[in-house]
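Contents: one structure, followed by commentary.
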Amino acid sequence: MSKESTKRAFVAGATGYTGQQVVRILAAQGVEVVAHVRPDSSSLERWRERFEGWGARVDTTAWEQGAMTATLSELRPELVYCLIGTTRARDKNTEEDAGYEAIDFGLTELLAGACAAGSPKARFVYLSAMGVSASSSSAYYKARWKAEESVRESGLSYIIARPGLITGPDREESRPMERVAGVVSGAIFKGLSAVGADTLHDRYAPTDAVELATALVQRALEATDDAIVLETPRLRCGRL
């Protein structure tokens with residue numbers, strides 16, 4: 001990528017399983033990457049060392065509307081990735097389902113609003129989940145639908161990605177049941193693919209962070225439409 005065409009990307013959720021690979025792949029593609037890390041992270045220096053080693057730089061803006069708007073106004077990125085989310089295990093000390101509302105929806109809405117105000121020409125890339133819809137019933141899926149709606153209503157160009165199960169042996173968080181589910185379902189769908197059921201494999205087989213991040217980077221860099229929703233089959237495009 002030539003200097004004249006260099007893009008800048010801001011990655012929120014950079015420390016997550018998929019976020020780390022998005023940072024790495026963007027940097028490898030010649031994109032100027034700003035990886036966001038919570039200012040109160042106990043692992044801030046570890047993340048700084050890792051991201052800077054990949055050629056990215058670290059931003060520690062607080063999750064506050066005015067502060068995030070000011071940061072995006074200063075950076076003016078062409079791409080803003082929102083790869084944030086929580087789990088029930090992390091949220092066990094709060095009221096039931098509060099984390100989904102506050103993080104999966106609340107922080108997405110905050111970031112989309114900050115982007116619309118601070119860098120309105122940016123493309124917003126939101127990592128949602130397979131099966132999210134207006135009729136979703138679980139707290140997690142309801143929060144994700146509300147987050148998608150906040151992106152659609154922001155006025156920004158956007159990509160909403162809806163992958164299925166994201167897992168792999170390289171995942172740092174301890175999620176044994178998810179790991180088992182990924183191995184079992186992966187074996188099943190690999191077998192289906194072998195006998196010609198490629199459509200089922202492409203739609204439902206689990207993916208890992210590298211494959212998903214590769215798709216999120218390639219689709220964003222190549223996008224021309226203002227509003228794009230990527231279901232699982234369109235999130236399988238190899239590995240970088």
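Every number in this text was worked out from the coordinates using simple rules, so none of it is lab data. Fair warning: this is a prediction, and the values are worked out from it, not measured in the lab. All Cβ positions, glycine included, derive from the backbone under ideal geometry; neighbour counts span all protein chains shown.
By the count of neighbouring beta-carbon atoms within 10 Å, fewest first, Met68, Met130 end up ordered Met130, Met68. Using θ = phi - 60° in the Karplus curve 6.51 cos²θ - 1.76 cosθ + 1.60, the 3J(HN,Hα) couplings for segment 21-31 round to 6, 4, 4, 4, 6, 4, 4, 5, 8, x, 7 Hz; x is entered for Gly and Pro. Seen through its C-alpha gyration tensor, with square-root eigenvalues sorted a ≥ b ≥ c, segment 1-79 comes out oblate because a/c lies at 1.5 or above while a/b is not bigger than b/c. In order along segment 149-160, the phi-based Karplus estimate (6.51 cos²θ - 1.76 cosθ + 1.60, θ = phi - 60°) of 3J(HN,Hα) comes to 4, 5, 5, 4, 8, 6, x, 7, 5, 8, 10, 10 Hz; Gly and Pro are listed as x. Along segment 54-68 the Karplus relation, 6.51 cos²θ - 1.76 cosθ + 1.60 evaluated at θ = phi - 60°, assigns HN-Hα couplings of 8, x, 9, 10, 9, 10, 10, 4, 5, 6, 9, 3, x, 5, 5 Hz to successive residues, with x for each Gly and Pro. Between Ser157 and Phe124, the built amide H atoms are under 5 Å apart, and every one of these is 5 or more places off in sequence or on another chain.
With the highest mean first, a sort of the peptides 101-114, 40-53, 15-28 on other beta-carbon atoms found within 10 angstrom per residue produces 15-28, 101-114, 40-53.
Maximal additional length on extending the Asp40-Glu231 stretch stands at 65.4 nm, based on 0.36 nm per residue less the C-alpha distance.
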